[in-house]
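None of the figures in this text is laboratory data; all of them are computed from the coordinates on show. Predicted model, so just to flag it, every value in this text is computed and none were measured. Neighbour counts run over all protein chains shown; Cβ positions are idealised from the backbone, glycine included.
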Amino acid sequence: ALVSMRELLDHAAEHGYGIPAFNVNNLEQVQAVMMAADAVGAPVILQASAGARKYAGEPFIKHLIQAATEAYPHIPLVMHQDHGTSPKVCQGAIDLGFGSVMMDGSLMEDGKTPSSFEYNVQVTQQVVAMAHKVGVSVEGELGCLGNLETGEAGEEDGIGAVGKLDHSQMLTDPEEAALFVKATQLDALAIAIGTSHGAYKFTREPTGDILAISRVKEIHARIPNTHLVMHGSSSVPQDLLAMINQYGGQMKQTFGVPVSEIQEAIKHGVRKVNIDTDIRLAMTAAARKFMFENPEKFDAREWLKPAREAAMNICKQRYLEFGCEGQG
Ligand code: G3H
Ligand code: 13P
Ligand code: NA
Ligand code: ZN
């Protein structure tokens, strides 16, 4: 059944666990998340990006998620809009039936240019006002995702600043976070601690200077009652990279966010952990392997099945690692 994000995160805070929020774009990904949650008794956050809404089309996204609640009525589920770039986009998602929206006012409407604190407060306040009126939860973001070592903001496509960023822009300031939460009254706050979207987050196994879990602790100490959100939280498993390359892929060396670091962050107020890339890697590795080993096959279901299974396995693993077992 559909539940509110606020309710779900309050429960996670009370019981000390974190909830992976999985990005979904199609039938198989929605099924994979639901199968995983069902297997371990976890609550579910399904999130759709602007890219997902464009890829699948709004009616398909809406009804795929509704189908998930019909197929698994016993599982608490939140339908969340990821990275809304304006109040208008958030209003559209609310009209479509989303129970939770992210207003990412850390960037201007282009989803690429870092914004001012004042702009961020203003658009987030606006979304909170319209969302709370109809029982919809709001996630905001303060700080820009980016690589603390290179100053590189991240991918050129999708949501995220483009070009070079200052070190301080990429680390959310605890005092500013307190002001932001007070001014906006949002339900969850996404923070910047050195992660970025996509597969290419770190050029080496991250240490504290490039993945600032210490900053999570400082922010949590300042605003202990605010639910924190970590974006760019895929772990980029090395075995999946190896498998992709073994079966004809060409991915470069890269490192993600270690699960142990996410677990540490969950001890300090992180309640929602965004994951998209790990599912992409799992599905692509499985599909490549199947096609390589079965070059005579042409029924799409035959390669989508192992891809869905691989997605399910990674989701199940994250549910267990983040403490969701039996919490749904
Ligand atoms: O925000 C980042 C998510 O990974 C969504 O990516 O915009 O390609 O759907 P996307
Ligand atoms: P990843 O690219 O690390 O999976 O992050 C996804 C995300 O933050 C979606 O908002
Ligand atoms: Na941001
Ligand atoms: Zn994100």
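Here the simple spin-label model places points 7 Å from the Cα toward Cβ, and for H74 and L179 these points are separated by 5.0 nm.
By DSSP, the beta bridges lying fully in the chain are antiparallel in about 10 percent of cases.
Principal axis extents of the C-alpha atoms in region 1-132 (largest first, rounded to whole Å): 44, 36, 22.
Subtracting the Cα-Cα distance of K54 and E155 from their residue separation scaled by 0.36 nm leaves 34.5 nm.
Would you calculate a helix-derived [θ] at 222 nm for the chain, using -39,500 (n - 2.57) for each DSSP H run of n ≥ 4 and dividing by the full residue count, to the nearest 500?
That comes out to -14500 deg cm²/dmol.
What Kirkwood radius, in Å to one decimal, follows from the Cα pairs of region 157-307? Numbers along the way, then the final one.
Values: mean 1/r = 0.0581 Å⁻¹.
About 17.2 Å for region 157-307.
Label sites at A300 and R222, each approximated as a point 7 angstrom past Cα along Cα to Cβ, lie 4.8 nm apart. Of interest is the spacing of the C-alpha centroids, which for region 127-146 and region 180-226 amounts to 17 Å.
Toward the positive end of the charge dipole of the chain, with +1 on the Cβ of Lys and Arg and -1 on the Cβ of Asp and Glu, the farthest Cα among V3, V101, C90 is that of V3. In the chain, Cα pairs under 8 Å separated by at least six residues give a relative contact order of 21 percent.
Less than 12 Å Cβ to Cβ from V216, Lys/Arg counted +1 and Asp/Glu -1: what total charge do the surrounding residues give?
Net charge in that neighbourhood comes out at +2.
Normalised Debye scattering of the chain at q = 0.09 Å⁻¹ gives log10 I(q)/I(0) of -0.42, counting only Cα atoms as equal scatterers and leaving out solvent. Rounded to the nearest whole Hz, the Karplus-based 3J(HN,Hα) values (6.51 cos²θ - 1.76 cosθ + 1.60, θ = phi - 60°) of region 52-57 follow the sequence 5, 5, 6, 5, 8, x, with x at glycine and proline. Evaluated over region 80-189, the count of Lys pairs having alpha-carbon atoms less than 25 Å apart is 5 (only pairs 8 or more residues apart or interchain). Between A1 and F117, the simple spin-label model (points 7 angstrom out along Cα→Cβ) gives 4.3 nm.
Any chance you could run the full-extension gain for F292 through Q238? It's 0.36 nm times the residue separation minus the Cα-Cα distance, nm to one decimal. Walk me through the numbers before you get to the answer.
On the way: separation 54, 0.36 × 54 = 19.44 nm, distance 1.99 nm.
Stretched fully, the F292-Q238 segment lengthens by 17.5 nm.
Multiply the residue separation of D209 and S168 by 0.36 nm, subtract the distance between their alpha-carbon atoms, and state the gained length in nm to one decimal.
Values: separation 41, 0.36 × 41 = 14.76 nm, distance 1.29 nm.
Between D209 and S168, full extension yields 13.5 nm more.
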